[in-house]
1. If I filter the range 387-426 down to residues being part of a helix (DSSP H, G or I) and among the hydroxyl-bearing types (S, T, Y), which single residue comes out as modelled with the highest pLDDT?
2. Scan the range 226-246 for residues that are assigned to a loop (DSSP other than H, G, I, E, B) and among the small types (G, A, S) and jot them down.
3. Hey, could you check the range 200-259 for residues that are closer than 18 Å to T172 by Cα and among the β-branched types (V, I, T) and say which is surrounded by the most Cβ atoms within 10 Å (Cβ to Cβ)?
4. Run down S108, S134 and say which single residue is closer than 23 Å to C78 by Cα, surrounded by fewer than 17 Cβ atoms within 10 Å (Cβ to Cβ) and hydroxyl-bearing (S, T, Y).
5. Can you give me the number of residues within the range 57-72 that are within 21 Å of E241 (Cα to Cα) and either surrounded by 24 or more Cβ atoms within 10 Å (Cβ to Cβ) or in contact with a Leu (Cβ under 8 Å, 6 or more places away or on another chain) (or both)?
6. Yes or no: E241 at pLDDT 95 or above and charged (D, E, K, R)?
7. Given (1) closer than 19 Å to V225 by Cβ; (2) out of contact with any strand residue (DSSP E or B) (no Cβ under 7 Å at 6 or more places or on another chain); (3) assigned to a loop (DSSP other than H, G, I, E, B), where does G180 come up short, assuming only one miss?
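The values are calculated or read from the model by the stated rules, or taken from the named source; none is laboratory data. Please read these numbers as outputs of a predicted model, since none were measured by experiment. Cβ sites come from the backbone with ideal geometry, for glycine too, and all protein chains shown count toward neighbours.
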Amino acid sequence: MNDTTKSEQDRVLIFDTTLRDGEQSPGATMSLSEKIEIAMLLDEMGVDVIEAGFPIASEGDFQAVSEIARLVKNASVCGLARSSAKDIDRAAEALKAAANPRIHTFISTSPLHMKYKLQMEPEAVLEAVHDSVSRARNYTDNVQWSPEDGTRTEHDFLCRAVETAIKAGATTINIPDTVGYTAPNESADIIRMLRERVPGIDEVIISTHCHNDLGMAVANALAAVEAGARQIECTINGLGERAGNAALEEVVMAMRVRNDILPYQTGIDTTKIMQASRLVSTATGFPVQYNKAIVGKNAFAHESGIHQDGMLKHSGTYEIMRPEDIGLSETNLVLGKHSGRAALRAKLEELGYPLSDNQLKDVFVRFKELADRKKEVFDEDLLALMSDSATSAAHDHLQVKFLRVICGTEAPQSADLTLSIDGKDHQVTAQGDGPVDATFNAVKALYPHEARLQLYQVHAVTEGTDAQATVSVRMEEGGHIVTGQASDTDTVVASARAYVNALNKLRVRSTKSAPDAATA
């Protein structure tokens, strides 16, 4: 954790919007229990504000914000609301039980958005700013306001809108780069311009919310901080719409590692970063790219002979931070079929998965089944196992009970499948262009649907012919996009389970209907 002796002026608040903006990523649906688990970890790691959702979007979002508001003890819990009275009232209702509730309301201010999206005149927008912030202040004195598409807003109008929000009672002013359009110098200039021109802005916290469409979200956020912003909106793993948001782990570690030129502090316990990254990846089904900064699999890997030689002599030659700073351990405890519960628990805790006795009992059974098929179980195998455990719920609408395929050089390839649908087993044999296609055809024969397969991806978890395969599928139905994921030493079995996992998510997702605009 950063040096707490620094002045409050150097303190940067971390506003995490993984559960709101992050979940808007196509396919990143999270269950209520997953959202609560993520929120509790964010609170534990020292996040200042948790944007738990968009309460008016759906009953599921409302319930998630309500439950998180009730359970979180330290962080401020925030609900998003457009400028309408219904949105704000719904957010306030969801936040009733929060120890420190925050309402985040927004409206578009760029000429493009006002003309084509809102179809409102600038004066009407200013009136909506005043009315929405004033209404939110009736519920809490912790009100955040955002001008959507702020970085493409004319400066004179942006100043007027920000001044209006401050006069109405906003305590945090967030400047969103909604479409990832700005660059670091421009990001800083906007913050400086507001500080120079807007009366009363020195009495509020200035925040920055940067999208990564041009790959500059983190740079833009840090530039805004250097110019005077003292809150960064970000997400775990950079999750978010389109190319995502500024990544929490990157902005936090940048300020920690380069504190000489970024002399700011956060309250984040960085040793929980890997745990948070893995938890969000598992919950959303979005794998972390291998070369992702801070949390990618290769972030602390060295293959070049020159680099390896340097690392053997001194780790500082090629590593600017220690693995343990983000919660990685160098301990290598090899597990196999003779390993017991204690060893499995210790290894999973090291990997960021503390388990209750009941959870351990279930995972241990799956671990033993895997260990019987593999000589050694590596860390990556356990991570895949935990991911598979999280997506394989006993109460799922659909479950794969039995699968046998016939494949080879001579067609036709076929699949015998037994699928449990709401607890009742159904069996069919189907043919296809290969074993995976035959399996998917069998699922569709037993459970007819209109979902379209957009992506099918397989990668080996470890090396060797006994490696587990992790299969990811992305499916779309009726405008809803979900990602299903599963792992198994049998690629076809993993494919079937991933496909069924996605169908289960689509069934849940189809009950949600979000309003048009939730992109601030």
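1. Filtering the range 387-426 down to residues part of a helix (DSSP H, G or I) leaves 387-391.
Retained after the next criterion (residues that are among the hydroxyl-bearing types (S, T, Y)): 387, 389, 391.
Details: S387: 71, S389: 63, T391: 57.
Looking at the filtered set, the residue picked out is S387.
2. First, the residues of the range 226-246 that are assigned to a loop (DSSP other than H, G, I, E, B): 227-230, 239-244, 246.
Within the range 226-246, A227, G228, A229, G240, A243, G244, A246 meet the criteria.
3. In this case the residue turns out to be T208.
4. On the way: S108 fails: surrounded by fewer than 17 Cβ atoms within 10 Å (Cβ to Cβ).
Going through S108, S134 in turn, the sole match is S134.
5. Quick first cut of the range 57-72, residues within 21 Å of E241 (Cα to Cα) only: 57-58, 60-62, 64-65.
From what is left, the residues that are either surrounded by 24 or more Cβ atoms within 10 Å (Cβ to Cβ) or in contact with a Leu (Cβ under 8 Å, 6 or more places away or on another chain) (or both) are 60-61, 64-65.
Of the residues in that region, 4 qualify.
6. Details: at pLDDT 95 or above: no; charged (D, E, K, R): yes.
No: the conditions fail for E241.
7. (2)
For every residue, the table says whether it meets (1) aromatic (F, W, Y); (2) within 20 Å of the chain's Cα centre (by Cα); (3) buried (at least 20 other Cβ atoms within 10 Å of the Cβ).
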{"position": "D16", "(1), (2), (3)": "no, yes, yes"}
{"position": "R20", "(1), (2), (3)": "no, yes, yes"}
{"position": "G27", "(1), (2), (3)": "no, yes, yes"}
{"position": "G46", "(1), (2), (3)": "no, yes, no"}
{"position": "C78", "(1), (2), (3)": "no, yes, yes"}
{"position": "I88", "(1), (2), (3)": "no, no, yes"}
{"position": "R102", "(1), (2), (3)": "no, no, yes"}
